[in-house]
Ligand SMILES: Nc1ncnc2c1ncn2[C@@H]1O[C@H](COP(=O)(O)OP(=O)(O)OP(=O)(O)O)[C@@H](O)[C@H]1O
Ligand SMILES: [Mg+2]
């Protein structure tokens, strides 16, 4: 998950002698509950989860199958609604946003690599990478182009840009799920 939006303000330094305020976590869940189904079929996938992730860290969430890992990730990324509790992305409370604002936030601030890649089969790797930017109305400026070149070279995708998803390896498919710009 990438949480730093282009142009996001950076916190200023505290005045000398002032204790530094604790950094705002990249993402935070407070009292998260998620219940699926009703009656006998009811499942409490999350039952009051408090969790916070600092900026710039990698975290693995581990647990038995059915323990609620995917449910938690979906709530933290604003892909699904919690039954109760709050999710914060930086200072923004996701759980207080309407559908339109949530869609914009997901497009601009969250990168998600799904277990199944969800690439569009008729588009090349390059088109799949650039699609989220096009949908967000981002113009192909020199900055955007240099970000794209850096991404492609870092991921070793240069030779695969004109390939369609059916012609990509698993690793290349995963890399073609363009994360939000950071
Ligand atoms: N859409 C849904 N409708 C009903 N129950 C669901 C739904 N999605 C998940 N569940 C149930 O919620 C619980 C948590 O599921 P979840 O997919 O979050 O687990 P997980 O830890 O990601 O499992 P896995 O390791 O197998 O991917 C499970 O009991 C699952 O059957
Ligand atoms: Mg899962």
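Throughout, read-outs are computed from the coordinates displayed, never taken from laboratory work. Everything quoted here is computed from the prediction, not taken from an experiment. Note that each Cβ is placed from the backbone with ideal geometry, even for glycine, and that neighbours are counted across all protein chains shown.
Things worth noting here:
- The eigenvalues of the Cα gyration tensor, multiplied by 5 and square-rooted, give the chain an equivalent ellipsoid with semi-axes of 30, 25, 15 Å from largest to smallest.
- Only helices enter this figure: runs of n ≥ 4 DSSP H residues, each worth -39500 (n - 2.57), summed and divided by the residues of the chain, yield -8000 deg cm²/dmol at 222 nm to the nearest 500.
- Distance histogram in 10 Å bins (all Cα pairs of segment 89-168, percent per bin): 15, 41, 32, 11, 0
- Kirkwood analysis of the Cα pair distances in segment 23-109 returns a hydrodynamic radius of 13.6 Å.
- Taking 129, 61 and counting other C-beta atoms within 10 Å, the order from fewest to most: 61, 129
- Centre-to-centre, using Cα atoms only, segment 95-115 and segment 122-160 are separated by 20 Å.
- Projecting label points 7 angstrom from Cα along Cα→Cβ for residue 91 and residue 118 puts them 2.9 nm apart.
- Projected label distance in nm at residue 81 and residue 143, using a 7 Å step from Cα toward the beta-carbon: 3.5
- Segment 75-155: relative contact order as a whole-number percent, Cα under 8 Å and 6+ apart: 19
- Ranking of 106, 177 by count of other Cβ atoms within 10 Å, fewest first: 177, 106
- In segment 121-182, Cα pairs under 8 Å separated by at least six residues give a relative contact order of 60 percent.
- Sequence-separation-based contact order of the chain, relative, with Cα cut under 8 Å and 6+ spacing, percent: 25
- Packing-based exposure ordering (other Cβ within 10 Å, fewest first) of 38, 160: 38, 160
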